[in-house]
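Chemist: Have a look at the structure that comes next, please.
Throughout, read-outs are computed from the coordinates displayed, never taken from laboratory work. Here the structure is a predicted model, which means the values were calculated and not measured. Because the Cβ atoms are built from the backbone with ideal geometry, glycine has one as well, and the counts that use them run over all protein chains shown.
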């Protein structure tokens, strides 16, 4: 018989949480990609096509990016980062509306719905980034990263910020459809400012100062420093971006709590 | 035991606040089956959602000292893009149940044949009800919430549902919402009428039903009710 709700031990809660997240994760994959043609491989094939396309475009137009870094490497690190922070909010906005019926299952909480989608987005973007890196390195278009751990740190920083932003916007979007309407133009406008298409070092000092207020820029710069070392002349300030993301994460959790109290299942 | 104390629910609407439930209090113990009568929009389903824990009351308290089901025969717990089998697997995972055993039960009970392996969106409403009911029976709850189960499904399916609920699970608590008065009369041992945001409780169906007819201002036509010829 299903047990009556009582305050469970912490270890049990962790176990339940893991079970719920994995069930939601698999459900999400099946719903989104189905079992047709290549199925869940789309998870990372889609971002790979995106990144390849942008890489090709930027190479063809010999994009000015203000450094002597190879354009392929520049596009790969830049555009993969964009996919990471931009798709997470995209997937979380409106996520609760699509999954309202899940609220009938006691163990599923509002946050779980967002977390499952974030895991999926993070997984897809990461596999795409890693796979393309390995392919480019093996055919000689790209030098192996100078410091893999630093690349990973930068990547995680972008993911953390993107995830916190996604949860905050996702929760807000349940109460106001303005979020959905405004996120699309906002994400488009932030893209050219997010550090993907330029190196901060190439900008005039005045512009550098402004651009470094945008959190994603720090993560992208860190990824590039990991890849290219001193050649990248990266500008980032962890003492700015980490506290900011912490605060954002806290705000996101508060918003989820607020929405969870107000949610009305269909 | 489920204990409701002074439960109020207010929904904000464009026309101001709408008081749906006002000071609802009752206890429900194992073996008690409460039948709820009320006109459309009276707040019956809202009450069930609050008891299920999916939604919170505006004020008051709802204590669940037993496990409570989701509203039964409610198809919404399904992902329509997924197949019936996928949905069984999902529920099995969420509630940590044996998937193979559950699948065998659903296959046998829902009688959907090969459709169990097709996306739920291709099902008719009757087929969805079969799947929904079968999946609801997988998890052994202490208290079942039953929201208008008789609306879909054929006679044979109804009989099978009734056997599962009232024979095999006669020891459980239930809250049953239905516009089918005979169904409520035959399967419940306590009754309630929800009207104007208030819930009134009865130990006698005939009294409850008389009050209900009075409240909604409805006179049965000659020959009514066909209560003796139970459709349930």
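Chemist: Would you work out if the range B:79-140 is rounded, prolate or oblate? Take a ≥ b ≥ c from the square roots of the eigenvalues of the alpha-carbon gyration tensor; rounded if a/c is under 1.5, else prolate when a/b is larger than b/c, oblate otherwise. Could you put the intermediate results ahead of the total?
Modeler: Details: a/c = 1.74, a/b = 1.45, b/c = 1.20.
Note, shape of the range B:79-140 comes out prolate.
Chemist: What 222 nm value per residue comes from the helices of chain B, counting each DSSP H run with n ≥ 4 as -39,500 (n - 2.57) and dividing by all residues, nearest 500 deg cm²/dmol? Mind showing how you got there, number by number?
Modeler: Values: 7 runs with 70 residues, N = 232.
Calculated at 222 nm, the ellipticity per residue is -9000 deg cm²/dmol.
Chemist: Further question on the same structure: For residue A:62 and residue A:231, calculate 0.36 nm times their separation in residues minus their Cα-Cα distance, and state this gained length in nm to one decimal.
Modeler: Details: separation 169, 0.36 × 169 = 60.84 nm, distance 1.92 nm.
That works out to 58.9 nm of additional length.
Chemist: Moving to a separate point now. Report, in whole Å, the centroid distance computed from the Cα atoms of the range A:123-138 and the range B:1-40.
Modeler: A separation of 55 Å, based on Cα centres.
Chemist: Helix B:205-215 against the longest principal axis of chain B: what's the angle in degrees, Cα atoms only, rounded to the nearest 10?
Modeler: 70
Chemist: Roughly what % of DSSP beta bridges within the protein assembly as shown run antiparallel, to the nearest 5?
Modeler: So the antiparallel bridges amount to about 55 percent of the total.
Chemist: Measure nothing fancy, just the Cα-based angle from helix A:238-262's long axis to the longest principal axis of chain A, in degrees from 0 to 90, nearest 10.
Modeler: It works out to around 30 degrees.
Chemist: While we're on this one: Note the angle between two axes, namely the Cα long axis of helix B:84-94 and the longest principal axis of the Cα atoms of chain B, as a number of degrees from 0 to 90, rounded to the nearest 10.
Modeler: It is inclined by approximately 70 degrees.
Chemist: Considering only DSSP beta bridges with both partners in chain B, what is the antiparallel share in %, to the nearest 5?
Modeler: Numbers: 20 of 36 bridges.
Roughly 55 percent of the DSSP beta bridges within chain B come out antiparallel.
Chemist: In nm, to one decimal, how far is the residue B:65 label point from the residue B:85 one, both placed 7 Å along Cα→Cβ?
Modeler: According to this spin-label approximation, the distance is 4.4 nm.
Chemist: Here's something else I'd like to know. Among B:21-27, A:137-143, how do they line up by average Cβ neighbours within 10 Å per residue, starting with the highest? Display every interim value, and only then the final one.
Modeler: On the way: B:21-27: 17.1, A:137-143: 12.6.
Ranking, from highest mean packing down: B:21-27, A:137-143.
Chemist: For a quick protection proxy, order the peptides A:144-151, A:224-231 by their average other-Cβ count within 10 Å, most packed first. Could the numbers behind the result be given before it?
Modeler: Values: A:144-151: 15.1, A:224-231: 20.1.
In decreasing order of mean packing, A:144-151, A:224-231 become A:224-231, A:144-151.
Chemist: Calculate the FRET efficiency for residue B:203 and residue B:125 from the Cβ-Cβ distance with a Förster distance of 41 Å, rounded to the nearest 0.05.
Modeler: Details: r = 35 Å, r/R0 = 0.86.
Efficiency, rounded to the nearest 0.05: 0.70.
Chemist: Sort chain B into rounded, prolate or oblate with this rule: let a ≥ b ≥ c be the square roots of the eigenvalues of the Cα gyration tensor; rounded if a/c is under 1.5, and if a/c is not under 1.5, prolate when a/b is larger than b/c, oblate otherwise. Write down the numbers at each step before the final one.
Modeler: Working: a/c = 1.74, a/b = 1.38, b/c = 1.26.
Cα axes put chain B in the prolate bin.
Chemist: If you don't mind, there's one more thing I want to ask. What is the spin-label model distance, in nm, from residue B:17 to residue A:10 if the labels are put 7 Å beyond Cα along the C-beta direction?
Modeler: 4.0
Chemist: In peptide A:145-157, what is the residue-averaged number of other protein chain Cβ atoms found within 10 Å of each Cβ? Could you put the intermediate results ahead of the total?
Modeler: Details: counts 0, 0, 0, 0, 0, 0, 0, 0, 0, 0, 0, 0, 0.
Counting other chains' Cβ atoms within 10 Å and averaging over A:145-157 gives 0.
Chemist: If each of residue A:264 and residue A:98 carries a label point 7 Å out from its Cα toward its Cβ, how far apart are those two points in nm?
Modeler: 2.3
Chemist: Other chains' Cβ within 10 Å of B:52-58 residues: what's the mean?
Modeler: Details: counts 5, 5, 12, 7, 5, 0, 0.
If you average over the peptide's residues, the count of other-chain Cβ atoms is 5.
Chemist: Sum -39500 (n - 2.57) across every DSSP H segment of at least 4 residues in chain A, then divide by the residue count to get the 222 nm mean residue ellipticity, nearest 500. Walk me through the intermediate numbers first.
Modeler: Working: 10 runs with 185 residues, N = 266.
When only DSSP H runs of four or more count, the value is -23500 deg cm²/dmol.
Chemist: Further question on the same structure: Return the whole-Å distance between the Cα centroid of the range A:172-212 and the Cα centroid of the range A:25-56.
Modeler: 25
Chemist: Hey, another quick one. Calculate the mean, over all residues of peptide B:133-143, of how many other protein chain Cβ atoms lie within 10 angstrom of the residue's Cβ. Don't jump to the answer; show the numbers that get you there.
Modeler: Working: counts 0, 0, 0, 0, 0, 0, 3, 2, 3, 4, 1.
That works out to 1 on average.
Chemist: If you don't mind, another one. Evaluate E = 1/(1 + (r/R0)^6) for residue B:155 and residue B:211, where r is the Cβ-Cβ distance and R0 equals 41 Å; express this FRET efficiency to the nearest 0.05. Could the numbers behind the result be given before it?
Modeler: Working: r = 31 Å, r/R0 = 0.74.
Result of the calculation: an efficiency of 0.85.
Chemist: Ok, one more. Suppose R0 equals 41 Å; then what is the FRET efficiency for residue B:218 and residue A:182 from their Cβ-Cβ distance, rounded to the nearest 0.05? Numbers along the way, then the final one.
Modeler: Working: r = 50 Å, r/R0 = 1.21.
In this case the efficiency is close to 0.25.
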